[in-house]
Amino acid sequence: MSISLQRLESLALRELSLILRKDAKNNYLSNLTITEVRITKDLSYMKIYYTYFQGKEENYTKALEDCKGYLRSELAKKLKARKMPDLIFVHDEALEYGNHINEIISKLDIKHDEE
C-alpha cells in the first residue's frame, strides 16, 4: 500500500469522525465510533469500519445508509477529492470479540482461584 493511500485513509477516518460528531442530526450517528477506513487502490470503494456501545445494529446500519450521500459529499469537500469512492459501512466486531475473550479469561481466573 502506498504512503499516500495510507494518508488518505487516515485523513478520511479523522474527517468522517468529525462530521459524525459535529453534524450528525441522528443520535445513532453521533454515538458511532469509526475504527478503521480502508480504500481500494483504484479509489472506487472506501470501507468504513464502525462500532457502537448500545442499541441494535440495524438502527445504526439504517442511519448510515440514509445519510450515505451526505457523508460522501462532505468527505469529498474535506478531502478535496476529484474522485470520491463509494462508501461501504462494515460493523467492526473486534470490540465484542475482545470483550468475549476477556470474559472467558476472567472466568478461568475465578476457577483457578477456587482451587
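Selection within the range 3-13: residues that are surrounded by 13 or more Cβ atoms within 10 Å (Cβ to Cβ) and free of Cβ contacts under 8 Å to residues at least 40 places away in the same chain. The member of this set that is farthest from Tyr49 (Cα to Cα) is Leu5.
In the range 74-84, the residue that is nearest to Lys25 (Cα to Cα) out of those that are open to solvent by 50 Å² or more (accessible area, probe 1.4 Å) and free of Cβ contacts under 8 Å to residues at least 40 places away in the same chain is Lys77. Every condition in (1) modelled with pLDDT under 90; (2) farther than 15 Å from Pro85 by Cβ is met by Asp66 except one, and the failing one is (1). Residues of the range 55-67 being open to solvent by 50 Å² or more (accessible area, probe 1.4 Å) and either in contact with a Lys or Arg (Cβ under 8 Å, 6 or more places away or on another chain) or in a helix (DSSP H, G or I) (or both), which ones? Within the range 55-67, Glu57, Glu58, Asn59, Thr61, Lys62, Glu65, Asp66 qualify. If you filter the range 22-54 down to residues that are open to solvent by less than 30 Å² (accessible area, probe 1.4 Å) and not in a loop (DSSP other than H, G, I, E, B), you find that the one that is farthest from Leu79 (Cα to Cα) is Thr51. Can you say whether Phe89 is under 16 Å from the mean Cα position of the chain (by Cα), loosely packed, with under 10 Cβ neighbours inside 10 Å and of a type in the set (Phe, Trp, Tyr), as far as the supplied structure shows? No; evaluated as a whole, the condition is false for this residue. Ala81 meets each of the listed conditions (1) in a helix (DSSP H, G or I); (2) at pLDDT below 90 apart from (1).
The values are calculated or read from the model by the stated rules, or taken from the named source; none is laboratory data. Just so we're clear, the structure is a prediction, and the values are computed from it rather than from any experiment. So basically every Cβ, Gly included, is an ideal-geometry build from the backbone, and we count neighbours across all protein chains shown. For accessibility, only protein heavy atoms count, side chains too; no ligands or nucleic acids. Shrake-Rupley method; radii C 1.70, N 1.55, O 1.52, S 1.80 Å.
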